[in-house]
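J.: Okay, handing you the structure first.
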Amino acid sequence: MTEPQNFCEHCGAALDINDQFCGGCGMQVGIQPGPGELPSHLHEPPPPPPAPPLDKSPIDSNNEPPTITLPVGARASRTMIGIVAFIAIIVAVVWGVMYLMDQVFISTDTMYFRGEDLFYGEYSPIDQPKAAYWFERAAAKGNLKAMDMLGLMYTSGIGVNEDAQAGFAWYKKAADGGLPEAKLHLGDSFQFGRGINSDMDKAFELYTEAAELGDADAMYILGAHYLETARLEFDLYMKGIDWLTKAAKAGHEGAQFELTEMGIDWNK
């Protein structure tokens, strides 16, 4: 097979395949294909196209970063997520403040009234275990009425596990604080032996203290007791009438009925 023949592009003289200068005209020459031959550069694969120039300057002429524009739906979703997150933060802050106020700033009277409402169901559904929770919180801060209610609940097993000794302890704590109704209830504990050994003398001592502090129930108990046990002793009988009269004037319906039945005008 004949070797391909190359020719000078300037004068047409025949060239050796390795010649860089034409022997005829002395000019630097390329390789010219012979008749019917392909140029030599077509025997090689074409070079890859040049890569597009990199934009090494993302900052525009105003020295500001380029703006990324989101689709309308994506922008709406992003806005909604932000609004929901903001609302969640506000709700968490409000609840946190309310909890702090409830734990630190709420008064013992408010605690007691919450417990009382849950115990009797005047404004809220009855929930006596929750009532015990509020009474215990109020009692821990020194509320005497809450202590007295805990005495009732533990003595009777209402909303808590029955524990007469715990009930007696709560009654005593409230009575020692000077609460008239707690002295009455502590007297009941001594009279009926609830959480303590029965002691009638101590019971009536406490009834007397409660009556002298204005407790109508204690007045009635003393009056009925003296009438029942001392009818033949005029002084004790009159003492009983006196306590019943005080109870009646304090609004005790039982005392009012007893005196009316006896024909005594208690309202004068």
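J.: Cα-Cα over 24 Å: which of K130/K173; K145/K268; K173/K246; K141/K172; K172/K239? Please report the intermediate quantities before stating the final value.
T.: Values: K130/K173 22 Å; K145/K268 33 Å; K173/K246 27 Å; K141/K172 16 Å; K172/K239 27 Å.
Check vs 24 Å cut-off fails for K145/K268; K173/K246; K172/K239.
J.: Can you give the relative contact order of the stretch 133-258 as a percent, counting alpha carbon pairs under 8 Å and 6+ residues apart? Can you show the working numbers first?
T.: On the way: 200 pairs, mean separation 17.7, N = 126.
For the stretch 133-258, the relative contact order is 14 percent.
J.: When C8, C22 are ordered from fewest to most other Cβ atoms inside 10 Å of their Cβ, what list results?
T.: C22, C8
J.: Shape of the stretch 146-268 from its Cα gyration tensor (a ≥ b ≥ c, root eigenvalues): rounded if a/c is under 1.5, otherwise prolate when a/b > b/c, or oblate?
T.: In terms of gyration-tensor shape, prolate.
J.: While we're on this one: Measure off 7 Å from each Cα along the Cα-to-Cβ vector at T79 and W95, then give the distance between these two points in nanometres to one decimal.
T.: Simple spin-label model gives 2.8 nm for this pair.
J.: Sticking with this structure for a sec: Among E122, E205, E116, rank each residue by its count of other Cβ atoms within 10 Å, from fewest to most, as a rough exposure measure.
T.: Going from least to most buried by this count: E122, E205, E116.
J.: While we're here: How long are the semi-axes of the equivalent ellipsoid of the stretch 81-178, taking √(5λ) for every eigenvalue λ of the Cα gyration tensor, in whole Å from largest down? Working shown, then result.
T.: Working: eigenvalues 234, 44, 21 Å².
So the three semi-axes of the stretch 81-178 are 34, 15, 10 Å.
J.: Just for the Cα atoms in the stretch 136-212, what are the lengths along the principal axes, largest first, rounded to whole Å?
T.: 33, 24, 13
J.: Let me ask something else about it. Based on other C-beta atoms within 10 Å, arrange M262, M149 from fewest to most.
T.: Fewest to most other Cβ atoms nearby, the residues stand as M262, M149.
J.: Could I ask something else about it? Each residue of the stretch 182-189 in turn: what ³J(HN,Hα) in whole Hz from Karplus with 6.51, -1.76, 1.60 and θ = phi - 60°, glycine and Pro shown as x?
T.: 5, 5, 4, 5, 5, x, 4, 4
Computed from the coordinates by the stated procedures, all read-outs in this text should not be read as laboratory data. These figures come from a predicted structure and were not determined experimentally. Methodologically, a virtual Cβ is constructed for each residue, glycine included, from the backbone with ideal geometry; neighbour enumeration extends over all protein chains shown.
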